[in-house]
Amino acid sequence: MTDMDIPIIDFGHSSSSPGNVAEDLLKACADWGFFYVKNHPIPQEAVDGIFELEKSFFAQDHSTKLQAPYIPSKNAGFKPASSNGAYGKTTDPREAFSINKWPTETHASEAPLPPILDQARPQIQSFQKHVQSFTSRLLELVALALDLPSTQFTSQHDSHAENFDNFELMHYPPVALTEKEASRAVKFRISPHTDWGTLTLLFQQSIGGLEVRPPRYTSPSLDLEHETWTPAPVYDDMVLINIGDMLEFWTAGRLKSTWHRVVPTALHGGVDRYTFAYFLHPNKDAVLVPIEGMKRDGWVPRYAGIGRTAEQHIHARIQGQYGLVKEEGRKPEDVVSVAVGEVAA
C-alpha cells in the first residue's frame, strides 16, 4: 500500500493491540477520511445474506416494489430510478430502498417493510446488531486515539434514541459508456458530496464506481476539471468506511469528511451494480460543539451553526443546500431524506 492508496485497517488486532489499531485509524481518518476495514466483526455470511436479500427485492416487478412507496417524512420505502436523486433529479438510473431505522426489540421500523423484507426481519435485526456493535467499537478507538474518554462519541449514539440512522439498499442498472465518455467523469451516478452524519459503512460486491478525493487536494472548493480522484477498489471481504461531517465538526477538522462521488465505468457499464450502506447519525439532541481542546487556530467549520443539535444541523443543511423547505413550503422533517439517504454510494 502506498500513500496514494486508501488505507486498510486490520481490525483483527483491535482487542490485543487497541492502541496500535487506534493509531492507524486516526491517521486514516485525519489523512483520507476513508479507510477499509478487514477482519471486521460483521460475519461475511451476514453481509452476503443482505446482498442476496436486496437482489431478490430488486428482481421483483416494478408494481410489487411500489407496494412500499417512499415516504419522505419517514425517509423509508422504495425509490424508483425515475424519481431517485435529489428530489426527483437524477444523473443516472438508480433504484433504492431506504429503511429509516433498523427495527429492534425496542424501536420498530416507523414505516412498513414490503413482504420480502418483512419476512427477513430477523435477518435484518441480526445485521443491525452487528453494525451497532462494530461502530461503537470504532468510535471508542477514535476516542482512544484522540486521548478522550472512551464514551466521548458512543454516548451521543444511543441505538434506542431518536436519530437519522438510515440503511439503504441500492441497485444500479447497467449503463453503456465508451472509454472516452467514462474518462470525462462528467456523468455521475452520484455527484460529489460529503456525508452529513458521523460514519458511513459501504458494502460493495465485485463492481466498483466510487471515487474519493485524495489528500493532496486541500482546497475546500472542488476543481472537477483538473483534479484526479482515486478509485476505491472493491474488496468483497472488507467494509469501506468514511468520516461524516459531524465527526469532522466535533474534532474541529482533525478528522476529515472527504468529498466522494460515484461514476460509471466503461469496463462495468453493462453489469448490474449492487451496494448497501449504513449511515450512522448521532442522537437528534446531540449538540454540535467542538470538543474542548480540539479547536485550533485558523480552523473554520465547513458549515455554520456551532451549538446546534444534530437535528437542527440536518434541517439547516437541507434548507441551505436545496432551498426546498423555503421554496416549496415543506417542513424540514418532511425532507430529511436528502441528508441521510440520498448520497449513498
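A short reminder: the numbers here are calculations on the coordinates, not readings from a lab. Just so it is clear, the model here is predicted, and its values are computed rather than measured. Positions of Cβ are backbone-derived with ideal geometry, glycine not excepted, and every protein chain shown enters the neighbour counts.
Quick notes on this structure:
- Mean separation of Cα contacts under 8 Å, 6 or more apart, over the residue count of the stretch 1-54: relative contact order %: 41
- Projected label distance in nm at residue 10 and residue 158, using a 7 Å step from Cα toward the beta-carbon: 3.9
- Amide H contacts under 5 Å for residue 157, placed H, 5+ residues apart: 283
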